[in-house]
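Taking it in order: structure first as structure tokens, then the write-up.
The values are calculated or read from the model by the stated rules, or taken from the named source; none is laboratory data. What you see is a predicted model; the values in this text were computed from it and never measured. Virtual Cβ from ideal backbone geometry, glycine too; neighbours counted across all protein chains shown. Please note that ligands, DNA and RNA were not included when accessible areas were found on the heavy atoms of the full protein model with its side chains. Shrake-Rupley method; radii C 1.70, N 1.55, O 1.52, S 1.80 Å.
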Amino acid sequence: MENYVFFISLLLVGIYIPIFFAIVWYFQLFTNRITPAMLSFPKYKFYMIGGLGAIANFLLLFGAALTPGPIQLLISQLSLPLTMLISIIIALPSLSFIFGRSPSPSFKWNNYLGAAVILSGVFTAIIPQIIHSDSLSKSSTTGLIVYTLSTLPLVSSTLLKEVTIKRHNIDSHYVSAWTCLAQFVITALLYPLTTLPQFGGRPLSDTPSYFVNGFKCLCGTSTLISDRCGGAYWTVGTYIFMNIIFNLVLLA
């Protein structure tokens, strides 16, 4: 379903909204797990987390379509040094007004050495491919840059979500419900970016047909000549099911 990347992006986020909110409502009705303090937590902070997640997924999905698998695996290693960097930034006193004061992370010299080795390895592999146009097409170079940039908001969103759960003692299902809703809304607001050539160059007038054709493709029916929708419902459905089980077990 490479012609319907944005459709899949919305689907993968939106499927969690009713699931997580159903769990939250159950906790509210039959348990004391959701406290008044949790309910009063500022919702704009969830939209900050969800917004970063939306940007990350948007860049990730469009970049992945143009980035070779082995390079994707290599770029994913950037998450470790970025986690260290963002942990230090979040702990800055000047940013304590956003999510509260955080203790400064205590990294040892071997942590910094490991991060430096990862960075050097990743950039040694990637930079030559960007510079030498013979190894990558223009579109693949753009995809490589976009995919690499996606790691920054992705790591930031994950860290801020963890900070919210632990520092403010908020139930993980409650945080996940609101961040999923925020991510879905902000992802939808990013749709006009798909009119840019780097993200498909699709006219806004094609929006209704795009989502209709995306749903048909999900059901296994190809509309465009370039569509490859055979068995998409099985592939996407299996991925969504396994992903839901994984996340629910992780949050249990």
### Query
Could you sort Met1, Met48 by accessible area so the largest value comes first, with the probe set to 1.4 Å?
Met48, Met1
### Summary
Note, Ile170: beta-carbon cut-off 13 Å, +1 each Lys/Arg, -1 each Asp/Glu, net +4
### Message
With viscosity set to 0.692 mPa s at 37 °C, what whole-number translational diffusion coefficient in µm²/s follows for the range 178-217 from Stokes-Einstein and a Kirkwood radius over Cα pairs?
### Response
294 µm²/s
### Query
Expressed as cubic angstrom per residue, what is the convex hull volume of the alpha carbon set of the range 1-75?
123 Å³
### Summary
Of the convex hull drawn through the C-alpha atoms of the range 195-252, the volume per residue in Å³ is 121 Å³
### Task
Would you mind computing, in nm to one decimal, how far apart the modelled labels at Ser76 and Arg167 are, each placed 7 Å from Cα along Cα→Cβ?
2.9 nm
#### Entry: Largest-first ordering by accessible area, 1.4 Å probe, given options Met84, Met242
Met242, Met84
### Query
Extension gain Phe27-Tyr233, at 0.36 nm per residue separation less the Cα-Cα distance, in nm?
70.9 nm
### Shape parameters for the range 154-235, alpha-carbon atoms, Rg then Dmax in Å
17.7, 52
